[in-house]
């Protein structure tokens, strides 16, 4: 009987997929959503007996729910291809699934820049430090935003797990900036589609408060130069996305 389904959504993730899936064999089944994959991701998933769902889903929430629908277990562990579950966390997850009466749990994220675990300063604009990755089927709903979709939960929240997921986020600061550039471009497209507008001056003020939150309140200052970069990028995220949206509108109007 399937009790726990491990779900991974992948888009050309052959570089990291095997390392991820090899740490999910404690689950009763593995489901891999292959979103527009043109590399060897399917063959790697096959090595682990995974159920593969293939297609093209431009909107993240739609492809996430395609994977959730394919899971047969009452409990789902949703893991990205660049995330690792170690043995201690796997044992903790199994214990929760076998004995728990709640509906969802959040798991700490150990975001790594290269081989370094950067523990402080994160905001969801770059990478969350806590995710609702373990849930009963039907109790997690993804939004339809292009980047960092909203996620809602229903039912009873259980305690956060003690162990953490290793998130192999980026290789270096250059990759961190590339991720910021990509995400702000996607957010800009979403703002244009929804007709969202904001005043540049108010976003500039917001950037200052976000920087304080990351660098001081969330202790990004403890991470040295990397913490400073993370705080700056998190602070600038809404402002840069807004400016990119204005550029898209101007180009579309032929200005």
Handout entry: For 107, 232, 177, order by how many other beta-carbon atoms lie within 10 Å, fewest first
Key = 177, 232, 107
Exercise for the section: Treating the Cα atoms of segment 212-254 as identical point scatterers in vacuum, please give the log10 of the normalised Debye intensity I(q)/I(0) at q = 0.14, 0.22, 0.23, 0.25 Å⁻¹, two decimals. Expected result: -0.44, -0.66, -0.69, -0.75
Handout entry: Degrees separating the helix 60-70 axis from the principal Cα axis of the chain, which is the longest one
Key = 10
Exercise for the section: For segment 173-252, just run the numbers: alpha carbon Rg, then divide by 2.2 N^0.38 Å, N being how many residues it has. Expected result: 1.17
Fill in the blank from the handout: By the Cα gyration tensor axes a ≥ b ≥ c (a/c under 1.5 gives rounded; else a/b larger than b/c gives prolate, otherwise oblate), the shape of segment 177-222 is oblate
Practice task
Report the full-extension gain for the segment residue 22 to residue 200: residue separation times 0.36 nm, less the Cα-Cα distance, to one decimal in nm.
Solution key: 59.4 nm
Exercise for the section: Return a whole-number percent for the relative contact order of the chain, with Cα pairs under 8 Å and 6 or more residues apart as the contact set. Expected result: 18
Problem - Zone of residue 72's modelled label, taken as backbone nitrogen in segment 1-37 under 13 Å from a point 7 Å along Cα→Cβ - result: 1-6, 28-31
Fill in the blank from the handout: Which of 202, 185, 154 fluctuates most in a GNM of the chain (C-alpha springs under 10 Å)? That residue is 202
Problem - R0 of 30 Å, Cβ-Cβ distance residue 192-residue 12: FRET efficiency to nearest 0.05 - result: 0.70
Fill in the blank from the handout: Gyration tensor on Cα atoms of segment 90-156, a ≥ b ≥ c root eigenvalues, a/c under 1.5 rounded, else prolate if a/b beats b/c, else oblate, says oblate
Exercise for the section: Pop the C-beta distance of residue 173 and residue 1 into the FRET formula with R0 = 35 Å and round what comes out to the nearest 0.05. Expected result: 0.15
Completion exercise
Ranked on Cβ counts within 10 Å of their own Cβ, fewest leading, 25, 184 go 25, 184
Completion exercise
Ranked by GNM mean-square fluctuation in the chain (Cα springs under 10 Å), the top entry among 132, 195, 158 is 195
Handout entry: segment 115-170-segment 201-255 distance, computed between alpha-carbon centres (Å)
Key = 21
Exercise for the section: Could you give log10 I(q)/I(0) at q = 0.11, 0.22 Å⁻¹ for segment 1-145, computed by the Debye formula over C-alpha point scatterers of equal weight, without solvent? Expected result: -0.40, -1.60
Practice task
Tell me what the chain gives for mean residue ellipticity at 222 nm when only DSSP H runs of n ≥ 4 count, each as -39,500 (n - 2.57), the sum divided by the residue total, rounded to 500 deg cm²/dmol.
Solution key: -12500 deg cm²/dmol
Handout entry: Chain lengthening between residue 248 and residue 130 when straightened (0.36 nm per residue, less Cα-Cα)
Key = 39.2 nm
Completion exercise
Per 5 angstrom bin, beginning at 0 and ending with the bin that holds the maximum distance, the Cα pairs of segment 127-234 fall in percents of 2, 9, 13, 17, 21, 17, 13, 6, 1
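All of the numbers you see were taken from the coordinates with simple rules; none came from a lab. Quick caveat: nothing in here was measured; it's all calculated off a predicted structure. Note that each Cβ is placed from the backbone with ideal geometry, even for glycine, and that neighbours are counted across all protein chains shown.
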